[in-house]
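What follows is one structure encoded as structure tokens, with my remarks underneath.
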Amino acid sequence: MKSPFNHKEQKVESKIVVALERVSEAFRVLLWNESKENSLSPIQIQLLIFIRFHSLEKCKVSYLADEFNMTKATISDSVRVLLAKDLVEKEADPIDTRSYMLSLTQEGKKVAEKASFFASSMEQPIKNLTEEQKTIMLNGLLKLIHDLNKSGVITIQRMCFTCTFYKAEKGIHYCSLLKTRLAESEIRVDCPEHELNT
Ligand code: SF4
């Protein structure tokens, strides 16, 4: 079997893998630049952005560890820094008194809001694609994430394909919670109402 990074006689699949690696490198650089500006680490910036856009019950160390494929100890270290910098605060967990949830302070909200645009330079080239190209790209990426999730490479994701409310029949996607058909471009990648289909 040939490595996808062997540039001799690359197949389309290999070229896509290499292209995704380039894109992930661009994300890494953009995130690193944002981190430096705030004197925070990349994971600390990612935590602030995650907390900014997700419900309180998801903002626990254990969930964050799964979300970012890190150990609880590593996430706890980052949380300690964010607490010391007064960017997050602890909220009591009504279900488990030994645990806590994290919310943003006023300063944390400001930093997270600005940082959440760290990848905006990626958006412009995507906006330049046709609607058809965008839909094909979105579909391909969703299928890729779904397969990576099934094989255990990506632990947590909140997309329609793994949701208990998702139905598909003859190529038509349907959400039984929102009671609506979903066009290809409306399939969600990170849905707040997602419930894992077990
Ligand atoms: S609840 Fe959200 S994730 Fe689930 S099917 Fe509906 S839109 Fe998709």
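Shown here are the Rg and Dmax of the Cα trace of region 51-90, at 9.8, 25 Å.
Dividing the summed -39500 (n - 2.57) terms of all DSSP H runs of n ≥ 4 by the residue count of the chain sets its mean residue ellipticity at 222 nm at -16000 deg cm²/dmol.
Under the definition of Cα pairs under 8 Å and six or more residues apart, what whole-number percent is the relative contact order of region 12-115? Kindly include the intermediate steps, with their values, before the conclusion.
Details: 95 pairs, mean separation 27.1, N = 104.
After rounding, I find 26 percent.
Kirkwood hydrodynamic radius (Cα pairs, Å) of region 129-186? It is 12.4 Å. When the P(r) is computed for the chain, the part past 23 Å accounts for 56% of the Cα-Cα pairs. The figure for HIS146 is an accessible area of roughly 40 square angstrom, using a 1.4 Å probe on the protein chains alone. According to the Cα-based calculation, Rg over Rh for region 12-115 is 1.05, with Rh computed by the Kirkwood formula. When the trypsin sites (Lys or Arg not before Pro) in region 68-140 are filtered for DSSP coil states and for at most 14 other beta-carbon atoms within 10 Å of their beta-carbon, the remaining sites are ARG98. Label-to-label distance, GLU169 versus VAL17, with points set 7 angstrom from Cα along the beta-carbon direction: 3.9 nm. Scanning residues 5 or more positions from TYR100 or on other chains, those with amide H under 5 Å from its amide H are VAL61, with H placed 1.01 Å from N in the peptide plane.
Straight-line reach from LYS170: taking Cα to Cα under 15 Å and skipping same-chain neighbours fewer than 8 places apart, the aspartates and glutamates in range are GLU184. By a 1.4 Å probe calculation restricted to protein chains, SER24 has an accessible surface near 70 Å², given to the nearest 10. The relative contact order of the chain, computed from alpha carbon pairs under 8 Å that lie at least 6 residues apart in sequence, is 15 percent.
Please list MET137, MET101 in order of solvent-accessible area, largest first, computed with a 1.4 Å probe with all protein chains present.
Values: MET137 90, MET101 15 Å².
Of MET137, MET101, the descending order of accessible area is MET137, MET101.
The lysines whose alpha-carbon is closer than 29 Å to the alpha-carbon of LYS15, local same-chain residues fewer than 8 away aside, are LYS2, LYS127, LYS134, LYS143, LYS150. Along the axis of the charge dipole computed for region 12-115 (Cβ charges of +1 for Lys and Arg, -1 for Asp and Glu, origin at the Cα centre), the listed residues ALA73, LEU87, SER62 are led at the positive end by LEU87.
Proximity of backbone amide H atoms, modeled 1.01 Å from N, is registered between VAL88 and LEU83, THR105 at under 5 Å, excluding neighbours fewer than 5 places apart on the same chain. About its Cα centre, the chain has a charge dipole of approximately 340 debye under the convention of +1 per Lys or Arg Cβ and -1 per Asp or Glu Cβ, with nothing else charged. Convert 25 °C to kelvin, take the viscosity as 0.890 mPa s, use the Kirkwood radius over C-alpha pairs of region 85-198 as Rh, and evaluate the Stokes-Einstein diffusion coefficient in µm²/s, rounded to a whole number. D, rounded to a whole number, is 143 µm²/s. When region 70-198 is described by a simple charge dipole with +1 on each Lys and Arg Cβ and -1 on each Asp and Glu Cβ, the residue from SER103, ALA168, SER121 located farthest towards its positive end is ALA168.
The values are calculated or read from the model by the stated rules, or taken from the named source; none is laboratory data. Just so it is clear, the model here is predicted, and its values are computed rather than measured. In this analysis, Cβ positions are derived from the backbone assuming ideal geometry, glycine residues included, and neighbour counts consider all displayed protein chains. The area values use the complete protein model at the heavy-atom level, side chains included, leaving out ligands, DNA and RNA. Shrake-Rupley method; radii C 1.70, N 1.55, O 1.52, S 1.80 Å.
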